[in-house]
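Below you'll find the structure, written out as structure tokens, and then a few comments.
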Amino acid sequence: MISPLAYIHPEAKIGENVEIAPFVFIDKNVVIGDNNKIMAHANILYGSRIGNGNTIFPGAVIGAVPQDLKFRGEETTAEIGDNNLIRENVTINRGTAAKGRTIVGSNNLLMEGVHVAHDALIGSGCIIGNSTKMAGEIIIDDNAIVSANVLMHQFCRVGGYVMIQGGCRFSKDIPPYIIAGREPIAFSGINIIGLRRRGFANEVIENIHNAYRIIYQSGLNTTDALKKIEDEFEKSPEIDYIISFIRNSERGIIK
């Protein structure tokens, strides 16, 4: 299961049933769980923590030092959950003193050439398209779909269950359940097909749709729109998530 042509530092901790191909490099201070497959020429560097059942494709680099000039060699980690597909040439940098760790959850697909910068937090169940680049300290909530060649500014947050059109770039937050697209990026409706595929009931989807009509089409400012939603809508996890996300947005949401 482990090629004699791979390099594994004697201090690295490798779980059971791990397949390691030729020319893989595994550094010290690395922990790899069970049932992982690591293909040729992947690099698992200092501070990497990898869960169970992941497949890491050729040329991927996990745990490289941050591309941040403030980094001074502090002890940080890059943490990967379970059952992820990390495709060719994906780069996942470890954290800095800001947060101490970069986190990718479980059951994600990171397609070829994706970059996850220092201190980023990617949830679970996400699909990140080819060559998408995420800057430092971004957050992507669970079950988001980010298409190819998307550029995400540092400190931005993407809500759950969104669909972001390929080639977009943005420096504001993208609230949950919506489609974001066009140039410049803008609200393009709610992600109806994605929500139906995820099992959302029609009445829940309609409530989400009505809430976003108030936010984007009523002419109210954001504070008044959220107050109107609180006053007129029955409480639900979806409505609470929308309100909380927008109210706590530090960069503001896309228009």
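Amide H contacts of Arg169: Leu151, Ile185, each under 5 Å away and 5 or more positions distant or on a separate chain (H built 1.01 Å from N in the peptide plane; Pro and chain starts excluded). If R0 is 22 Å, what FRET efficiency do you get for Asp240 and Gln217 from their C-beta distance, rounded to 0.05? Calculated value: 0.55.
Which pairs, out of Lys37/Lys172; Lys70/Lys133; Lys172/Lys228; Lys13/Lys70, put more than 27 Å between their alpha-carbon atoms? Exceeds cut-off: Lys37/Lys172; Lys13/Lys70. Each residue of region 90-102 is assigned a 3J(HN,Hα), and the resulting list reads 5, 10, 10, 7, 7, x, 10, 4, 4, 10, x, 7, 9 Hz, derived from the Karplus form 6.51 cos²θ - 1.76 cosθ + 1.60 (θ = phi - 60°), x at Gly and Pro. Principal-axis analysis of the Cα atoms of the chain puts helix 222-232 at an angle of about 70° to the longest axis. Of the three principal axes defined by the Cα atoms of region 7-137, the extents in descending order read 36, 32, 21 Å.
Potential lengthening of the chain between Glu206 and Lys255 amounts to 15.6 nm, from the contour at 0.36 nm per residue minus the alpha-carbon distance.
If you take the beta carbon distance between Lys99 and Ala148 as r and set R0 to 25 Å, what does 1/(1 + (r/R0)^6) give as a FRET efficiency, to the nearest 0.05? According to the calculation, E is roughly 0.40.
Other residues whose C-beta falls under 9 angstrom from the C-beta of Met152 contribute a net charge of +2, scoring Lys and Arg +1 and Asp and Glu -1. Put simply, when 2-15, 71-84 are sorted by average Cβ atoms within 10 angstrom per residue, most first, you get 71-84, 2-15. What does the charge add up to near Gly53, with Lys and Arg as +1, Asp and Glu as -1, over the other residues with Cβ less than 10 Å from its Cβ? Charge balance in the 10 Å sphere: -1. If the chain linking Asn35 and Leu85 were pulled fully straight, counting 0.36 nm for each residue of separation and taking away their Cα-Cα distance, it would gain 16.7 nm. A simple count of charges around Phe233, restricted to other residues whose Cβ falls under 13 Å of its Cβ and scoring Lys, Arg +1 and Asp, Glu -1, yields -4.
Coordinate-derived values only; no laboratory data. Keep in mind that what you see is a predicted model, and the values were worked out from it rather than measured. Neighbour counts run over all protein chains shown; Cβ positions are idealised from the backbone, glycine included.
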